[in-house]
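Following: one structure in structure tokens, then a few remarks.
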Amino acid sequence: MSTNRAVRIHGKNDIRIEDLPIPEPQENWVQLRMSTVGLCRTDVHLYDEGRVDHIVINKPITIGHEISGRVSKLGQGVTDLNVGDRVAVDPLRSCGGCHQCSRGRSNICRQLHCSGVLHADGGFATYMVAPAKTCYKIPDNMSMEEGAMMEPLSVGVNGVKRARMVEGDVVVVMGAGPVGLFAMQAAKALGASRVMMVDINPKRLELALKMGVSQVFKPTVHLSNPKAASEELKAALGDEADLCIECSGAPGVVDLAIHSCRPGGKVMMLGFGEMAMKVHVGMAAVREIDILGSFANLHNYPECIRLVSEGKINVRSAITHRLPLENVMDGINLVRSGESVKVVINCDDC
Amino acid sequence: MAVKNLSAVLHAKLDLRLENRDVPAIGEEDVLIRMGPVGICGSDIKYWTHGYCSGVFVLRAPMVLGHEGAGTVVQTGSKVGNLKVGDRVAIEPGVPCLRCRICREGRYNLCPRMQFCATPPVHGNLTRLFKHPAAFCHRLPESVDLEHGALVEPLAVAIHACNRGGVKAGSLVLVCGAGPVGLLCMWVAKCAGALGVVVTDIDDQRLAFAKEKGADYVINVRGVEEPIAAQQIISAAGCSPDVTIECSGSDYSMTLGIHATHPGGSVVQVGRGTQIPSIPLTLAATKEVDIKGVFRYANCYPTAISLISSGQLPGLKSLISHHFPLAETEMAFKTALSRDAGAIKIIIECDQ
């Protein structure tokens, strides 16, 4: 391949598949031949809004942050990787020197770059470059597709850890999309006594069961009455939750989570929906239910790789659609439609 | 012999009566206390004006008010080992079961079988003679007078709030609301080693008082949009707060806290505002700013008494603005409610 075919967002509703020069790796970086790269709701948001929060896209960026690839060239000084190595790439690039980085919270680094999202080109391309330290080798028994799933899995694992889930905890996950399915499995693998998956879509609940959830629940009471919906949920659960992981971003679900927790329990927000929402903080306060957020991942790729290669977590079943790079727009439409679970883009043949 | 036990009893919303009740008989693990000073809290006022509080507690039968009390032990049960007659005590009003899972984890403030003074249906201590388990009566050292003893309860709330928020040496703390709870949180934050405290409010007088009592920066946020107020706070202090402690009961301040707090920090909610406000929760979540409510306190009384007796809270008594004898309880409540009175903390003397 003599050119770099890349999917770039130029601004709101402006997506172009372009031929770019092939990037060369700087010192301590590597060049990657892209393989499978997952499509995420964030990508759809970038296309629809042309921004991420207050950061507006004012110069073109190659998107794609759920990345797997093969090392194709080594920059100077790279000793831990070889050409041909199959890797999963952590899109987060922290500065290493700010207050957040030095206290171990590099995912909220003051100058965070996130390839495919913020200030750095990502993986929907033939080639990309990345710091060698963000590339994690995938064992032979893991496919490149599974490698691409390390990113959404790392979000689930980070959520469970940030929430300080304790072994034996009763966990409820709301929203059976990829993040919810992976968070559910992470909770199980990391010691929850049981995990319930909540969704309004029966097909997704079926998939959750296939992926090993202890129990599924579809509320019959509308979420405009979260208290009543939570009574139903707790009756089905037979208990109050120690931890609720909210992965849907849908209105009303945070309140359902608050009402379903025991006093002293926690609600972990992984699903990001509307910026402002009505939240029953009064109820949360009187029961000291903490409302926590978790952003992306915190150096947990090795653990995620281990969990999948040891068969403790199944990420492959979440992939429902595989598309070539040229059809990325179909992928975006699929994600928007809600018909798919996880769409991945194959960059191998481009 | 009939001993009059004059008590302030709330019969219904706005129906507060001074009545003689029976002197309670103590059990083997209880003490009988001659009540001294008892402070009034926002929740007492809420029961008086509305008949309910915090959306969950409702008055259904006559109840003695008051839970911020101190007094002198006049009788001890046969199994009481930690107290003797004549000891002066700060009364921890909440008695948990100490057997359930949450009690055994140490968070007894969340015990589902909690018996808490002046939370229906449990009687409070605005009374002459009051019975309480000795284990929840904390002896005051010689250097701590009864008036300080009555301030231990709200001080415990402030200590718990600072603990929940993770306030420690070097923290920059934002306190929203310069009422008594906000001032107490400010002082406790400083005792915990905070490098500075910013206080916001919409009342210049309260802010002036806060500045006089130790606030490093005060900002009047009346009419200022939250993101702009957040910028003002960060500019004034030179960096963003690690912890915001919301003590105003306003939804505005929750939003302000979310905008101002440094990523990775916490917003602690002490004040009680709207049950279901609209807040930028997604912003909080993506910044990993945790939202933690506070419900009373657990294991904070010893620390509170220590802070007072070691002289680390010299300004504590300046919170007390009014005194009333027990017979004038209703007047005390009216004063608390009246804006003109300028009340901060009102004390009712139960032995007068």
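Just so you know, all these numbers are worked out from the coordinates, no wet-lab data involved. The shown structure was predicted, so the numbers you read here are calculated from the model rather than taken from an experiment. So basically every Cβ, Gly included, is an ideal-geometry build from the backbone, and we count neighbours across all protein chains shown.
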Enumerate by residue number the trypsin sites (Lys or Arg not before Pro) in the stretch B:265-352 meeting two conditions: DSSP loop (anything except H, G, I, E, B), and at most 10 other Cβ atoms within 10 Å of the site's Cβ. B:Arg339
Extension length gain for B:Ser278 and B:Asp203 (0.36 nm per residue less Cα distance), in nm, is 24.6 nm
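Nearest 500 deg cm²/dmol is fine: what mean residue ellipticity at 222 nm does chain B get from its DSSP H runs of n ≥ 4 alone, each adding -39,500 (n - 2.57), divided by its residue count? Mind dumping the intermediate values first?
Details: 10 runs with 100 residues, N = 352.
The per-residue figure over chain B is -8500 deg cm²/dmol.
All other residues with a Cβ under 9 Å from the Cβ of B:Ala156 taken together, and with Lys, Arg as +1 and Asp, Glu as -1, what is their net charge?
Details: positive: B:Arg296; negative: B:Glu92, B:Glu153.
The answer is -1.
If you average the sequence gap of Cα pairs under 8 Å that are 6 or more apart and divide by the length of the stretch A:244-350, what percent do you get for the contact order? Don't jump to the answer; show the numbers that get you there.
Values: 133 pairs, mean separation 20.7, N = 107.
Relative contact order, the stretch A:244-350: 19 percent.
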Residue by residue through the stretch B:204-221, the couplings from Karplus 6.51 cos²θ - 1.76 cosθ + 1.60 with θ = phi - 60°, in Hz, x for Gly and Pro, are 4, 5, 5, 5, 5, 5, 4, 4, 4, 8, x, 5, 7, 9, 10, 9, 8, 9
Work out from phi, with θ = phi - 60° and the Karplus expression 6.51 cos²θ - 1.76 cosθ + 1.60, the ³J(HN,Hα) of each residue of the stretch A:21-27, listed in order in whole Hz, and give x for Gly and Pro. x, 6, x, 9, x, 7, 4
Principal axis dimensions, largest first and in whole angstrom, of the stretch B:214-294 by Cα: 30, 25, 24
GNM result for chain B, Cα springs below 10 Å: residue of B:Thr49, B:Thr200, B:Thr274 fluctuating most strongly: B:Thr274
Name the GluC sites (Glu not before Pro) in the stretch B:176-285 that are in a loop by DSSP and that have at most 16 other C-beta atoms within 10 Å, would you? B:Glu225
Could you work out which residue, out of A:Ala187, A:Ala176, A:Ala276, moves most in a Gaussian network model of chain A, that is, has the largest mean-square fluctuation with Cα springs under 10 Å? A:Ala276
Env charge @ B:Val175, Cβ radius under 11 Å, K,R +1 / D,E -1, value -2
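Per DSSP H run of at least 4 residues, take -39500 (n - 2.57); add these up for chain A, divide by its residues and hand me the 222 nm value, nearest 500 deg cm²/dmol.
Values: 11 runs with 97 residues, N = 350.
The helix contribution divided over chain A gives -8000 deg cm²/dmol.
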Cα-based Rg then Dmax for the stretch A:155-293, in Å, read 13.1, 38
Send over the per residue convex hull volume for the stretch A:211-350, Cα only, as a whole number of Å³. 158 Å³
So who's got an amide H within less than 5 Å of the one on A:Ser214, skipping anything under 5 residues away but keeping other chains? H placed 1.01 Å off N, in plane. A:Val195
According to a simple spin-label model (label point 7 Å from Cα along Cα-to-Cβ), what is the distance in nm between B:Ala25 and A:Ser102? 6.8 nm
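For the stretch B:40-126, take N as its residue count and report Rg(C-alpha) divided by 2.2 N^0.38 Å.
Working: Rg = 14.8 Å, N = 87, 2.2 N^0.38 = 12.0 Å.
Taking the Cα Rg and dividing by 2.2 N^0.38 Å, one obtains 1.24.
Let's see if you can work this out: charge +1 on each Lys and Arg Cβ, -1 on each Asp and Glu Cβ, no other charges. What is the dipole magnitude of the protein assembly as shown about its Cα centre, in debye to the nearest 20? Walk me through the numbers on the way to the answer.
Details: 71 positive and 71 negative charges, 189 e Å.
Taking the Cα centre of the protein assembly as shown as origin, the dipole is about 900 debye.
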Based on a Kirkwood Rh over C-alpha pairs, give the Stokes-Einstein translational diffusion coefficient of the protein assembly as shown at 25 °C and viscosity 0.890 mPa s in µm²/s. 89 µm²/s
Which angle between 0 and 90 degrees, to the nearest 10, do you get for helix B:226-237 versus the longest principal axis of chain B when only C-alpha atoms count? 90 degrees
In chain A, what % of DSSP beta bridges are antiparallel (nearest 5)? 55 percent
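Taking the Cβ of A:Leu207 as the centre, find all other residues whose Cβ is under 11 Å away and add up their charges (Lys, Arg: +1; Asp, Glu: -1). Spell out each step's value before the answer.
Working: positive: A:Lys203, A:Arg204, A:Lys210, A:Lys342; negative: A:Asp199, A:Glu206.
Result for the local shell: +2.
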So which GluC sites (Glu not before Pro) in the stretch A:271-307 are both in a DSSP loop and have at most 14 other Cβ atoms within 10 Å of their Cβ? A:Glu274
The stretch A:19-35 and the stretch B:110-175: distance between their alpha carbon centers, rounded to Å: 62 Å
Candidates A:Cys261, A:Cys95, A:Cys247; GNM for chain A (alpha-carbon contacts under 10 Å) flags as most fluctuating A:Cys95
By the Kirkwood definition, with r running over pairs of different Cα atoms, the stretch B:157-293 has a hydrodynamic radius in Å of 14.1 Å
Whole percent per 20 Å bin, from 0 to the bin with the longest distance: what is P(r) over all C-alpha pairs of chain B? 30, 58, 12, 0
Residue-wise, which Karplus ³J(HN,Hα) couplings in Hz belong to the stretch B:27-37, taking 6.51 cos²θ - 1.76 cosθ + 1.60, θ = phi - 60°, and x for glycine or proline? x, 5, 10, 9, 10, 9, 10, 7, 5, x, x
Taking H as built 1.01 Å from N, whose amide H comes closer than 5 Å to the amide H of A:Val173, not counting residues under 5 places away? A:Met196, A:Met197, A:Val198, A:Ile245
Residues of the stretch B:60-101 with the amide nitrogen closer than 19 Å to a label point 7 Å from the Cα of B:Glu142, along Cα-to-Cβ, please. B:72-73, B:83-90
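Can you tell me, using C-alpha contacts under 8 Å and at least 6 residues apart, the relative contact order of chain A as a whole percent? Before the final figure, lay out the partial values.
Numbers: 853 pairs, mean separation 61.1, N = 350.
In percent, rounded to a whole number, it is 17.
Counting alpha carbon pairs within less than 8 Å and at least 6 residues apart, what relative contact order, in whole percent, applies to the stretch B:157-293?
On the way: 304 pairs, mean separation 32.3, N = 137.
Reported relative contact order: 24 percent.
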